[in-house]
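So the structure is just underneath, and the comments pick up after that.
We did not get these values from a lab; they are worked out from the coordinates using the rules stated. As the structure is a prediction and not an experimental result, all values here were calculated from the model. Every residue, glycine as well, gets a Cβ built from its backbone with ideal geometry; the counts of neighbours run over all protein chains shown.
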Amino acid sequence: MNAHAPTPSSLWSDLRQLPRCYWILFSGTLINRFGHFVMPFLALYLKREGHPAWVTGASLAAYGAGGLIANITGGYCADRLGRKPTILFSCCSAALAMLALSQAHTANAIITCSAMVGLASSMYFPASSALLADLVPEPLRIRAFGCQRLAVNLGFALGMMTAGALAAHSFLWLFIVDAATTAVLGLLVLMGLPGGQAPSRDSAGWGIALHAMQRHPAYLRAVFASFCIAMVFWQLSSSWGLHVTEIGGHSEKTYGLLMAINGLMIVALELPLTSVTRRYPAPKIIALGYVGVGVAIGLSLLGGSLPLLTTIMVLFTLGEMIALPVSHSFIAQLAPNAMRGRFMGILGVAWSSATMIGPAAGLALFEHSPEVLWISCLGLGLAAAATVASIPTSAEEPVPTPRASRPTKLSGH
């Protein structure tokens, strides 16, 4: 058991100890994810508008490329300008970009606006993750990151139930509600959140941050493992769907129900599960979760029967619930306060890179040989687990911040 683990306490006791300003961030995330309509429906929207398939593919790729750049710029801005100003800029610009996308009709305009949406909206991740770590004491961070994942999954699930009805009436309402909920998030941040870690210009450049990362092998291993497991995660919403329908012979409805198991388990079980995972060394717990994800997707080698597919989804989700809240908290803990935005930004780059590479690579492998794909996913999951497990428990400390940039105060509104 982790010598540095917090004293065991009840879930509700820990939730009551989270600061009020954290719950404002939680509420904003829930509202924003509830209205995250457009990108999941973009392919259907563009098809209805009569655009060819290559426009959809190029638009999604542009959105991913914008997100990749946003994690770099968002991390820099969070440290140099402050967490709160970066989040506000992300919310305002994302709302405007979404409205612009609703009025784009040519292929070039749609692709450009998709990139703008990806760039603007994804700046939120490194800034909000850094702010969460600033506001929440370290013993409660696993709970806090778990709550954020609850807000994301619950908001998205409820939103998708509403989005279908809105789309049936008019796709324009998807864009309007998406932009409106993003604006509401910005308003909540403006009115209710402090600024977080005070900006430090002495360590705000990327050069000094990259040097600090190079001196921290534990951080580099954790980010590399995140990229590997993200490649596996993206198969669930791409090539695994083909496995369910083509190999298993099941309907799209069955695939949707299997995917619903993931969201329902996360909403019901992930927060209580953190009562157990937070007691043990983070690298070992993350590795255990990654093994679960890799083995689960690897079981696709055995066929496509419904009981097997259900087992795969349950095991996959269990591994996800074990690993991800701890992983995000662990990486935030490794980062120096003044560089936390950029450290979380590079984590975002790892996930964004997997977003751009994973689905396309997985679909290409599935077409060539499903067996090769699932063996590759198993290998990636085990490689991610081995990489994280090799991090010694003594490495769970942030790299020293340069002497010129040790501010610890929180900035106000």
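Is any residue of segment 334-366 close enough, with backbone N under 15 Å, to a label point placed 7 angstrom from the Cα of Phe224 along the Cα-Cβ axis, and if so, which?
350
What is segment 17-199 by shape, rounded, prolate or oblate, if you read a ≥ b ≥ c off the alpha carbon gyration tensor as root eigenvalues and call it rounded for a/c under 1.5, prolate for a/b larger than b/c, and oblate otherwise?
prolate
Distance in nm between label sites at Leu158 and Glu252, each 7 Å beyond Cα in the beta-carbon direction?
2.7 nm
Among 245-255, 111-121, what's the highest-first ranking by average C-beta atoms within 10 angstrom per residue?
So the order, starting with the most tightly packed, is 111-121, 245-255.
Would you kindly derive the ³J(HN,Hα) couplings of segment 50-61 from the backbone phi angles with the Karplus curve 6.51 cos²θ - 1.76 cosθ + 1.60 (θ = phi - 60°), listing them in order in whole Hz, with x for Gly and Pro?
x, 7, x, 4, 5, 5, 4, x, 5, 5, 5, 5
What residues of segment 294-324 lie in the reach of a label at Glu371, counting those whose backbone N is under 14 Å from a point 7 Å from the Cα along Cα→Cβ?
Output list for this probe position: 300-303.
Step through the residues of segment 362-374 one at a time and calculate ³J(HN,Hα) from phi using the Karplus curve (6.51 cos²θ - 1.76 cosθ + 1.60, θ = phi - 60°), rounding each to whole Hz and writing x for Gly and Pro.
x, 5, 5, 5, 4, 5, 6, 6, x, 4, 4, 4, 6
Taking R0 as 45 Å, what's the FRET efficiency between Arg48 and Ser390 from their Cβ-Cβ distance, rounded to 0.05?
0.35
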